Amino acid sequence: MIRLGIKSTVERATGKLTQRIKYIKVGGRNLGDFLTVSVSGIIPVLYLMVIFFYSGGVVNALLEGSRSSLAGIPIVPGRNAQSPTEGVLNAFMLAVGTAGVYLMYKGGRQAIRGRLGNSYIIGGIAMLLLSFLLGMTLLSLKGFR
């Protein structure tokens with residue numbers, strides 16, 4: 001069976017590597033177990049970072065921000081252009097908002113400890129508000145009223 005994709009390729013490579021170093025102990029744990037856990041956690045994070053950068057308009061901002069008329073302006077007033085600073089801020093707002101939604105989801109699923117679930121929900125709402133306020137501040141700096 002042919003498996004396609006970056007994640008499956010990385011998993012196959014780390015699987016071969018972990019079979020070779022399976023019995024080497026580091027701090028009481030097998031080194032192969034550590035490599036499998038760390039690689040399987042890094043790949044989804046990289047996927048999310050790429051999605052946030054594209055959604056936030058970082059590539060667009062890098063292309064537009066290189067124009068000589070926009071050089072040195074951190075936030076371009078108006079709707080026509082976007083600077084690299086704005087692209088990074090948009091990606092940051094998306095990431096913080098998504099993390100807030102995930103915390104609220106996790107708080108809703110937390111059935112064992114009530115206080116922990118409530119703190120997840122409060123933290124998620126705080127992160128969503130931070131993302132919203134940052135977005136509104138950015139829009140007001142761009143001249144939207």
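Remarks
- Just one of (1) surrounded by fewer than 14 Cβ atoms within 10 Å (Cβ to Cβ); (2) at pLDDT below 90; (3) not aromatic (F, W, Y) fails for T137. It is (2).
- Some residue of the range 44-56 being modelled with pLDDT under 75 and either part of a helix (DSSP H, G or I) or farther than 30 Å from G5 by Cβ (or both): no
- Selection within the range 68-109 - aliphatic (A, V, I, L, M), touching a residue at least 40 places away in the same chain (Cβ under 8 Å) and surrounded by 18 or more Cβ atoms within 10 Å (Cβ to Cβ): V76, L89, M93, L94, A95
- Of all residues in the range 122-139, those that are in the same structural domain as G107 (by TED's automatic domain parsing) have Cβ atoms under 7 Å from Cβ atoms of residues that are in a helix (DSSP H, G or I) and of a type in the set (D, E, K, R), 6 or more apart or on another chain, in L138/E86.
The values are calculated or read from the model by the stated rules, or taken from the named source; none is laboratory data. This is a predicted model, so every value here is computed, not measured. Glycine also receives a Cβ, built like all others from the backbone with ideal geometry; neighbour counts cover every protein chain displayed.
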